[in-house]
Each structure stands twice: as C-alpha cells, then as structure tokens.
There are 2 protein chains.
Amino acid sequence: MKIIRKIKELKTHLTKLSKQGKTIGFVPTMGYLHEGHLSLIKMARKENDIVIASIFVNPKQFGPSEDYKKYPRDMERDSKLAESVGADYIFTPTKNEIYKEDHKTYVEVEEIDSIMCGASRSGHFKGVCTIVLKLFNIINPTRAYFGKKDYQQLVIIKKMAEDLNIDIDIIGGDIIREEDNLALSSRNKYLSKRERENATVLYKSLKLAEDLIRDGKAVEKVKKEAQNFLLKNKYVKKFDYFDIRELYTLKEIKEKYPKNILIAAAIWIGNTRLIDNFIINR
Amino acid sequence: MKIIRKIKELKTHLTKLSKQGKTIGFVPTMGYLHEGHLSLIKMARKENDIVIASIFVNPKQFGPSEDYKKYPRDMERDSKLAESVGADYIFTPTKNEIYKEDHKTYVEVEEIDSIMCGASRSGHFKGVCTIVLKLFNIINPTRAYFGKKDYQQLVIIKKMAEDLNIDIDIIGGDIIREEDNLALSSRNKYLSKRERENATVLYKSLKLAEDLIRDGKAVEKVKKEAQNFLLKNKYVKKFDYFDIRELYTLKEIKEKYPKNILIAAAIWIGNTRLIDNFIINR
C-alpha cells in the first residue's frame, strides 16, 4: 500500500492506472478509521481493480465552534487498518495541498442541505460537497463509497452527482454497530464511560419510533414520543432533531407513510454530537 | 459535422474518441454565433483532434426580468457557421435534457461573482458556473475556450477549475470587433439603427479611460470621467458599472496601478445591455 500526500504524485499513478483500464473504488474518510470505514474499503476491494481511501479532516465542513481541531487523528493506526482490508493507496493531503489560500468555489445542493443535520450545522454540507467534488475530480474513480450512518450526506452526494452529470457510481454501505447497537463513529472516542453507556438511548429511540410507525401511529406523534424518550435521559444534553422522512428524497411526510422511510436523529451526549438512523422498507 | 441533442448519444461518441486518445477542444456557446464564437472554434480546431461546440441558451444564468425568452436562436444558421470553421460536433440539448425538474445543485465562485456584472445580474455567474461544470463533466474536454468579451466570466471559470481541481485548460479568445470597434455580441441584433450607431460610445469610453490611465490619472477620477462621458450620450439609458481592476484577480485598485489592468464596463443602449473591456499591460 502506498501513502500519497501530493495531488501531482497521485495523478501520476492514476494516469498509469487509467491507461491500463483499471476500475477505481474510492472511499473518502476523515480518518480515525473504524469498522464502518473498513467495511466500505472491503466493498470497494470486491468491486474494483484498485482501491483508494482518502484521509483528510476537511476544515470546510466544521463550523467555527465545532471540533475540527480536536477531531481524532492517528495516521499510523489508520494506514495499518486500511492496508489490512486491502486498500492500494491512501491519499492524505495537507490542508494547504487541498485549499489554496484564496479558495472561493463552493458547491451546494439546495434545500436538502438545510434540513436535519444541515439545520443545526450551517454550511456543513456545502463543505462536504466541495471536498467530495474536489476529490472526485482529482481521483476520477469508477465508484465511490459512503456510509449510511451519514445518510443525509449520502442522499446529497447522490443528488450532486446526478445534477452535475458526474459519472461515478455512488454506493452506500450499511451502518456498523457495537454489540449494544451504538453506531460506530470516530466521535464515540470523546464519550466518558457513563456517557458511552447512555449513548445507546439514541438507537433505542429509533427502535421505539420504528415500532410506533409499524403500529400506524401518525408522524408527528411518533416524533414527539421519541423526543420525549430521549430527553428523559439526563445524559442527553442537547437535542438537534428527530426526523422521519421519505427515504430517497428526504421529503417531509405529511400524512400517509411512503413505502420507504428514513428515521434519523442527532443528539448531544455531554459535549459529543451523535447521529444515527433507521431505514424502514414497508 | 454531427448535431447531437442527447447526453447519452454524445457520451457514446466521446467514449470511443477517448479510447483512441483524441484531444477534445470544447467551445460552450448560447448560439446565434458570430465571428467571436467562430474565432474560438478556429482556435479549438488548431489545438485539438476533435472540436465540440455546444449551443444551449442556459435559463439559469438569466434573471427573471432578463431576455431568456427573446434571446436570439437560429440553429440552422449556427450549424452551417460552426461547420464552416471546422467543428466536428454540435451538442444542443433541450432544457429538460440538462436540468431535471428537481435540479438543486449549484456552484459558486464567491466574491468574484458579486462584483461588476455580478452586482447587477444577481445569480448570473452561479448559473454560468453550474452549466459550465455540467458541460465539462459531460464532455470532459482537454481544453475549453471562452471569449474575453465576458472577461469576468473567464476569470471565474478559471478560478472554478483551479479551486475544484478540474483538469481542463481554460483558454481565452480575443474580442472580435466590428469596423467601428463595437464588440461583437449576439445581443447587438436587438439594437435599432440609431442605437447601433451610438453603441460605439462604449468602446470610446474604454479608450478614454486607457488614455487617462496611461497619463497617470488616479483610478477614481478615470472612472468618473468615463462615466460622465457615457452618460452624456442620450442613448445610454442605464449605466451598470465602469470598473478598473487588477487583470487576473479582479481585485480593486486602491492607489498604484498594477502591471496588468482590466477596464470593463456595462451599459444599456435603449433596452439592450452591452458589455466591453480593455486589457492594459504596462
């Protein structure tokens, strides 16, 4: 496995590979890899000739008061893990390699980027779309892999690719969970022992909502019950949203439930923001 | 020469050409071709194996009160002209082929898009960047050609390409003028005989400004004199801007003149908006 820090160097390799007609699977990450990331690299390994994972903590997707600086980084550990599941290249550029001082160009997927996580994290998806498009243009992969834990991100990237005629297959990988069902996240590392124990409240609230939906309870009532359930837990310090939407478009559900539903929530356990979601196909 | 209306059909041709290692020169236009466009197609012809011109009146770059509907169209004439200077393909999709009903993704080059033409045409460059990026992604050309009459557009597209790691050479073609120095524009067609005669006031104001700059007159004074000169002509119905900026960055000039200067103006002759510019290398 090769670790590459410079765009130019990566391009040299890529030009060679493209001349050989190789298919390229790309897994963009912010590093501090866990089984969720590794499952994406494994998928990419199965479906492509060459697998490239990027590790780049993208400053443009963090708000000014968010955890850009303290976001966990461990390149040595990450490269061992990526290699162990078959990555051929890690692309890990510096901030200055990616963003020139006078960077001015941004990509936005309007409307879908201002609901759910976009409502509480203003500018977040603008930063995500911009870095993903840049990485797509640098790497020009055949397929790109994103985790379904950031389900809204997956919908937005798919929409961006469709709207901008980007010829890359965007593929979602299932959420990987701990034994007690907490969704894997690099941010779980921030949790204290007690917070970690109580973090399962998020999964439980989604399960509760699923049961209520299957019982035919109305959307607004389900949301209210799930919210109440979450706020009863004293480790839930802040509540960003609990939302139920049409799976593919993220459109609001007015009355009748559609065939495919997303239940998604974001809460703060102590100072750590956690997200999770369920997909229901009825 | 082939005229193609569908993205899929164009892609079939392009895949073949790319496998043969052909270089592709791309000239995006809104049609109603004049010698300015043709000079770009000629440049592309000299520098590439294959030349593709697009003809698409892009609704997203017109404001609600602008001339999208009445913008001149003449496909038969355009295709003859494009063929006469060596285009291999014309890509002329319908509005629905390019923008799906729920199109939501836009590209913006911030700051540079809100001065000059961007100040009077809100959202214009967002529409331009979005269509150009889409066409770039569809065609994936080696080189793309833009006229310097829309000099701000050229700077913005170059910046977008740099910021988004788009691997396409962006090339500017010189302004082509009538004998009396009016810059060629598809919109000149709107002018009445009297308006057409008086439209040369725009070129003359730029020449005046150039002389004053070469005489060492201060920026603000030059702008003021040029503005007064324009507004004295009773056919100048509205005045959008007269601006003097650093050529490559379009940064404001505070005191000392830089080595390379852009003088640019936009005025309305009757109901027709005209733009023009001079480049000064000192």
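The values are calculated or read from the model by the stated rules, or taken from the named source; none is laboratory data. Just so it is clear, the structure is predicted and the values come from calculations on it, not from any experiment. Please note: Cβ atoms are built from the backbone with ideal geometry, for glycine as well, and neighbour counts cover all protein chains shown. Accessible surface is based on the protein model in full, side chains and every heavy atom, while ligands, DNA and RNA are left aside. Shrake-Rupley method; radii C 1.70, N 1.55, O 1.52, S 1.80 Å.
How long, wide and thick is segment A:131-207, going by the Cα atoms along their three principal axes, in whole angstroms, largest first?
If we take the Cα atoms of segment A:131-207, the spans are 46, 24, 17 Å.
Let me make sure I get this right: for segment B:153-282, a, b and c are the square roots of the gyration tensor eigenvalues over alpha carbons, sorted descending. Under 1.5 in a/c it's rounded, otherwise prolate if a/b > b/c, else oblate. Which is it? Please list the in-between numbers first.
Numbers: a/c = 2.11, a/b = 1.24, b/c = 1.71.
Oblate shape, in that a/c is at least 1.5 and b/c is the bigger or equal ratio.
Show which lysines lie in cross-link reach of A:Lys22 when reach means a straight Cα distance below 18 angstrom and same-chain residues fewer than eight apart are skipped.
Here the lysines satisfying the reach criterion relative to A:Lys22 are A:Lys2, A:Lys11, A:Lys42, A:Lys46, B:Lys16, B:Lys19.
Pulled fully out, how much extra length does the chain show between A:Asp102 and A:Ala119, if you take 0.36 nm times their separation in residues and subtract their Cα-Cα distance? Intermediate values should be presented prior to the final figure.
Numbers: separation 17, 0.36 × 17 = 6.12 nm, distance 2.71 nm.
Length difference between fully extended and current span is 3.4 nm.
Measuring from a point 7 Å out along Cα→Cβ, what nm distances, shortest first, does A:Asp102 have to its partners in the other copies?
For A:Asp102, the other copies' label points sit at 4.0 nm, shortest first.
What does the accessible area per residue of segment A:186-274 come to in Å², with a 1.4 Å probe and no ligands, DNA or RNA counted?
On the way: 4790 Å² over 89 residues.
Per-residue accessible area for segment A:186-274 comes out at 54 Å².
If you roll a 1.4 Å probe over chain A with all protein chains in place, what percent of the accessible area is carbon or sulfur? Let's see the in-between values first.
Details: 6160 of 13200 Å².
Solvent-exposed carbon and sulfur of chain A make up 47 percent of the total.
Among the residues of chain B, which one places its Cβ closest to the rotation axis that maps chain B onto chain A, and what is that distance in whole Å?
Nearest residue, distance rounded to whole Å: B:Val107, 3.
With every protein chain kept in the model, how would you rank B:Lys42, B:Lys251, B:Lys159 by accessible area, 1.4 Å probe, largest at the top? All intermediate terms of the calculation are to be shown ahead of the outcome.
Working: B:Lys42 90, B:Lys251 130, B:Lys159 20 Å².
The ordering from most to least exposed comes out as B:Lys251, B:Lys42, B:Lys159.
To the nearest 100 Å², how much accessible surface do chains A and B cover up together, summed over both, with a 1.4 Å probe?
2400 Å²
Nothing charged except the Cβ atoms of Lys and Arg (+1) and of Asp and Glu (-1): what's the magnitude of the dipole of chain B about its Cα centre? Round to the nearest 20 debye. Please list the in-between numbers first.
Values: 52 positive and 40 negative charges, 92 e Å.
My answer is approximately 440 debye.
Which trypsin sites (Lys or Arg not before Pro) in segment B:50-116 pass both tests, a DSSP loop state and at most 16 other beta-carbon atoms within 10 Å? The partial results should precede the final answer.
Working: sites: B:Lys60, B:Lys69, B:Lys70, B:Arg73, B:Arg77, B:Lys80, B:Lys95, B:Lys100, B:Lys104; in loops: B:Lys69, B:Lys70, B:Arg73, B:Lys100, B:Lys104.
Here the trypsin sites (Lys or Arg not before Pro) that fit, given the DSSP loop and packing criteria, are B:Lys69, B:Lys70, B:Arg73, B:Lys100, B:Lys104.
For segment A:178-282, run through the GluC sites (Glu not before Pro) and keep only the ones in DSSP coil with at most 14 other Cβ atoms within 10 Å of their Cβ.
Details: sites: A:Glu178, A:Glu179, A:Glu195, A:Glu197, A:Glu210, A:Glu220, A:Glu225, A:Glu246, A:Glu252, A:Glu255; in loops: A:Glu178, A:Glu179, A:Glu255.
Taking segment A:178-282 and a limit of 14 other Cβ atoms within 10 Å, the loop GluC sites (Glu not before Pro) found are A:Glu179, A:Glu255.
If you count, for every residue in A:95-104, the Cβ atoms of partner chains within 10 Å of its Cβ, what is the mean?
Numbers: counts 0, 0, 0, 1, 1, 3, 0, 7, 6, 11.
Other-chain Cβ atoms within 10 Å of each residue's Cβ, averaged: 3.
Using only Cα atoms, figure out Rg for the protein assembly as shown and give it as a multiple of 2.2 N^0.38 Å. Walk me through the intermediate numbers first.
Details: Rg = 27.1 Å, N = 564, 2.2 N^0.38 = 24.4 Å.
That works out to 1.11 for the protein assembly as shown.
If you average over every viewing direction, what projected area does the convex hull of the Cα atoms of segment B:1-153 give, in nm²?
Projected area, direction-averaged: 9.2 nm².
Using just the helices of chain A, give the 222 nm mean residue ellipticity in deg cm²/dmol: DSSP H runs with n ≥ 4 each add -39,500 (n - 2.57), and the total is spread over all residues, rounded to 500.
On the way: 10 runs with 107 residues, N = 282.
The helix contribution divided over chain A gives -11500 deg cm²/dmol.
Based only on Cα atoms, what Rg/Rh ratio does chain B have, Rh being taken as Kirkwood's radius? Provide the component values of the computation, followed by the final result.
On the way: Rg = 19.1 Å, Rh = 19.8 Å.
A ratio of 0.97.
Project the alpha carbons of segment A:1-82 onto their principal axes and report the range along each, largest first, in whole Å.
46, 28, 21
Can you list, shortest first and in nm, the gaps between the label point of B:Pro59 and those of its counterparts in the other copies, using a point 7 Å from Cα in the C-beta direction?
Label-point distances to the other copies, shortest first: 4.0 nm.
Out of residues 5 or more away from A:Tyr241 or on other chains, whose amide H comes under 5 Å of its own, with H placed 1.01 Å from N in the peptide plane?
Amide H neighbours of A:Tyr241, under 5 Å, 5+ apart: A:Ala266.
Tell me the distances, shortest first, between A:Lys22 and the same position across the other copies, using label points 7 Å along Cα→Cβ, in nm to one decimal.
2.8
Taking the Cα centre as origin and putting +1 on Lys and Arg beta-carbons and -1 on Asp and Glu beta-carbons, what dipole magnitude results for segment A:58-165, to the nearest 20 debye? Don't jump to the answer; show the numbers that get you there.
Numbers: 17 positive and 17 negative charges, 36 e Å.
The calculation lands at about 180 debye.
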